[in-house]
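Notes to accompany the following structure.
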Amino acid sequence: MSYLLLFLSVAVGYFVALFLKKKEMRNMEVFLAFSGAFLLSITVFELLPQVFETPSKSIGVYIMLGILLQIFLEFFSKGAEHGHVHIHSEAKHFPWILFISLCIHAFMEGFPISEENNLLVAIIIHKIPVAIILSFFFITAGYRKSTTLLFLFFFALMTPLGSFISTNYSIVHQYETQITALVIGIFLHVSTTILFESSKNHKFNLSKMTAVIVAVILAYFI
């Protein structure tokens, strides 16, 4: 069921994007702020205590490597992981670099998902607004529908695939703490960037601040 929900979160984003108008995309900033705050909260409340059950300086190294990996990926994806997408209207060819970098990010997201944490909920909440924005820009940039759907289909598969491998291959379990720490670094970078980029001039208005507070409270109590 978790695999299906992860896949459908991207599908939901695509169908919502089909009915959105450009002026309505401004409202996505509030949803992005909520998703970023929720993902950050789950990371802090659940994943960080998990990897530091046995304190080790090497865990901090893996977290920093995760941050650096995400910075590297965003060099190619231009920040599409957090809804910061710029696609030129004249671009008609399949954006392979964007596709590969986003798929690596989505694949890594799936590894820490388990029944012991609420990361599944956080990833779904994170993916829906990002999928909406990504789909909307692909549609308005003039890509063929088949290209857009192909891109989103494989993007939607990546997180369930990462979760499946993490659950079913014992070799992954041997390095579970290190992989989780790496993904924590990715989440810390993405979620904090979402919070900053969802606010014009890095300032929060009342609606965004409310969304962030609600997200933190929900993440704490679920």
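Observations
- Counting only residues that are of a type in the set (Ser, Thr, Tyr), over 12 Å from the mean Cα position of the chain (by Cα), closer than 16 Å to Gly110 by Cβ and open to solvent by less than 10 Å² (accessible area, probe 1.4 Å), the stretch 120-167 holds 1 of them.
- Those residues of the stretch 1-17 which are open to solvent by 60 Å² or more (accessible area, probe 1.4 Å) and in contact with a Phe, Trp or Tyr (Cβ under 8 Å, 6 or more places away or on another chain), in sequence order: Tyr3
- Search result, residues across the stretch 20-53 that are over 22 Å from the mean Cα position of the chain (by Cα) and at pLDDT 80 or above: Phe52, Glu53
- Those residues of the stretch 168-177 which are polar (S, T, N, Q) and surrounded by 15 or more Cβ atoms within 10 Å (Cβ to Cβ), in sequence order: Thr177
- Scanning the stretch 42-53 for residues that are touching a residue at least 40 places away in the same chain (Cβ under 8 Å) and either open to solvent by 10 Å² or more (accessible area, probe 1.4 Å) or in a loop (DSSP other than H, G, I, E, B) (or both) yields Phe45, Glu46, Leu48, Gln50.
- Any pair with Cβ under 6 angstrom, 6 or more apart, that starts in the stretch 105-119 at a residue that is surrounded by fewer than 21 Cβ atoms within 10 Å (Cβ to Cβ) and ends at one that is not basic (Lys, Arg): Phe107/Met158; Phe107/Gly162; Asn117/Glu46; Asn118/Ile42; Asn118/Ile222
The values are calculated or read from the model by the stated rules, or taken from the named source; none is laboratory data. These figures come from a predicted structure and were not determined experimentally. With ideal geometry, Cβ positions are generated from the backbone for all residues, glycine too; neighbour counts draw on all protein chains shown. Remember, those area values only see protein heavy atoms, side chains included, never the ligands or the DNA or RNA. Shrake-Rupley method; radii C 1.70, N 1.55, O 1.52, S 1.80 Å.
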